[in-house]
Amino acid sequence: MTLRNNTVPLPLRDAVKQLLDHFAHNAWFVETYWPENVERVVMMITDVMSKCPPASSSHIFDVGCGNGYISYLFSILGYEVTATDAWELPERDQLFQKNSVQFFYSNFNEPTPFSGIQGEPFDVVLFGEVIEHILNHPQGLLSSMADVLKTNGMLVLTTPNPATIMNALRVLQGRHTLWGTQAFIEEKKIDNGRIICAGDIHNREYLTSELCNMLQSAGFCIDEVKFLGHGISQQQSPLKRFVKASRWMRRLMTTRPFGSNHYILAHKVLRSPVEG
């Protein structure tokens with residue numbers, strides 16, 4: 001998928017242009033990160049827009065917003081956006097001020113990271129490329145998100161898929177056990193009795209069944225599970241770009257053995273008092 005594709009709404013193309021203009025000074029983001037992640041981001045936005053249009057003044061909660069680019073895109077498209085993450089970034093603050101995105105700090109390893117939220121529950125929660133970084137209680141974090149989401153509200157979750165043929169080959173070659181292992185070895189997880197929220201460590205990657213079980217236990221109903229690979233950037237080798245550009249490989253990357261990422265849509269279900 002590219003932004004020249006006629007299936008991409010014009011407002012989204014305009015929003016992406018504004019985003020890339022803002023990040024024009026950041027060569028890594030524009031030339032590497034964005035081309036490799038654009039399909040995932042466009043899929044997230046088009047799914048949210050189809051189920052929860054901005055005309056309804058929907059309120060989006062971006063959990064683990066990073067540098068804020070997804071929150072910024074949704075705010076340009078007319079959504080009210082609240083974002084949260086475990087560290088402060090002055091550049092992100094400037095970005096959010098441009099479009100009135102609300103931000104608050106939260107450590108996702110704490111028992112109740114969203115206890116300070118006030119007001120109406122959210123219509124949509126975005127949880128992109130975060131759960132693999134959670135050390136303390138991943139299912140507890142999902143339950144916390146359900147607590148601040150409206151009944152039937154939408155959750156979009158993306159996270160790496162470890163059960164691929166390429167990862168199996170890397171394990172056999174002794175080159176892979178889990179992405180981020182070296183960082184896991186070197187970095188502290190607890191400091192002064194407090195669990196650190198380290199965004200550069202994959203503490204755990206999950207099988208599809210594990211993710212679905214966690215979501216259901218946290219109060220969600222699974223609507224759709226997809227798989228997708230990373231896009232093409234000029235920093236990749238010519239051979240890799242050639243293979244990934246082929247139609248057959250693009251089809252394969254939508255299957256579990258070849259798709260490097262999970263893409264899951266779910267909604268919050270109404271629990272009975274007995275279920276808690």
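The values are calculated or read from the model by the stated rules, or taken from the named source; none is laboratory data. Please read all numbers here as calculations on a predicted model, not as lab measurements. Here the Cβ is made from the backbone with ideal geometry for all residues, glycine too, and neighbour counts use every protein chain on show.
Pairing residues of segment 199-210 that are over 19 Å from GLY64 (Cβ atoms) with residues that are small (Gly, Ala, Ser) and surrounded by 13 or more Cβ atoms within 10 Å (Cβ to Cβ), at Cβ distances under 9 Å and at least 6 apart in sequence or on separate chains, gives LEU207/ALA163; THR208/ALA163.
May I ask you to say which residue of THR158, THR151 is among the polar types (S, T, N, Q), outside any helix (DSSP H, G or I) and in contact with a helix residue (DSSP H, G or I) (Cβ under 7 Å, 6 or more places away or on another chain)?
Answer to the selection: THR158.
Looking at segment 163-192, which of the residues that are in a loop (DSSP other than H, G, I, E, B) and among the hydroxyl-bearing types (Ser, Thr, Tyr) is surrounded by the fewest Cβ atoms within 10 Å (Cβ to Cβ)? My answer is THR177.
Is it the case, given these coordinates, that ILE60 is within 27 Å of ILE134 (Cβ to Cβ), in contact with a Gly (Cβ under 7 Å, 6 or more places away or on another chain), surrounded by 15 or more Cβ atoms within 10 Å (Cβ to Cβ) and at pLDDT 95 or above? Criteria not met by ILE60. For the structure I just gave you, tell me whether GLU91 is over 18 Å from the mean Cα position of the chain (by Cα), in contact (Cβ under 8 Å) with a residue 12 or more places away in the chain, in a loop (DSSP other than H, G, I, E, B) and more than 27 Å from LEU10 (Cβ to Cβ). Taking the combined requirement at face value, the residue does not satisfy it. For segment 112-133, the criterion of being in a loop (DSSP other than H, G, I, E, B), of a type in the set (Phe, Trp, Tyr), over 30 Å from GLN234 (Cβ atoms) and out of contact with any Ser or Thr (no Cβ under 7 Å at 6 or more places or on another chain) is met by none of the residues. Of everything in segment 211-251 that is aliphatic (A, V, I, L, M) and free of Cβ contacts under 8 Å to residues at least 24 places away in the same chain, the residue that is nearest to LEU265 (Cα to Cα) is MET249. Of the numbered criteria (1) closer than 22 Å to MET43 by Cα; (2) in contact with a Leu (Cβ under 9 Å, 6 or more places away or on another chain); (3) surrounded by 18 or more Cβ atoms within 10 Å (Cβ to Cβ), the one PRO160 fails is (2). In the set (1) under 25 Å from VAL125 (Cβ atoms); (2) surrounded by fewer than 20 Cβ atoms within 10 Å (Cβ to Cβ), the condition left unmet by GLY153 is number (2). Would you mind stating whether PHE103 is part of a helix (DSSP H, G or I), under 25 Å from ASP147 (Cβ atoms), of a type in the set (Phe, Trp, Tyr) and within 18 Å of the chain's Cα centre (by Cα)? When the stated conditions are applied, PHE103 does not pass them. Of the candidates TYR105, TYR72, the single residue that is buried (at least 19 other Cβ atoms within 10 Å of the Cβ) and either under 16 Å from LEU19 (Cβ atoms) or modelled with pLDDT under 95 (or both) is TYR72. Looking across segment 2-26 at every residue that is surrounded by fewer than 11 Cβ atoms within 10 Å (Cβ to Cβ) and assigned to a helix (DSSP H, G or I), the one that is modelled with the lowest pLDDT is identified as LEU10.
Within segment 193-219, which residues are under 20 Å from ALA168 (Cα atoms), assigned to a helix (DSSP H, G or I) and out of contact with any strand residue (DSSP E or B) (no Cβ under 8 Å at 6 or more places or on another chain)? If the condition is that a residue be under 20 Å from ALA168 (Cα atoms), assigned to a helix (DSSP H, G or I) and out of contact with any strand residue (DSSP E or B) (no Cβ under 8 Å at 6 or more places or on another chain), then SER209, GLU210 are the ones that fit.
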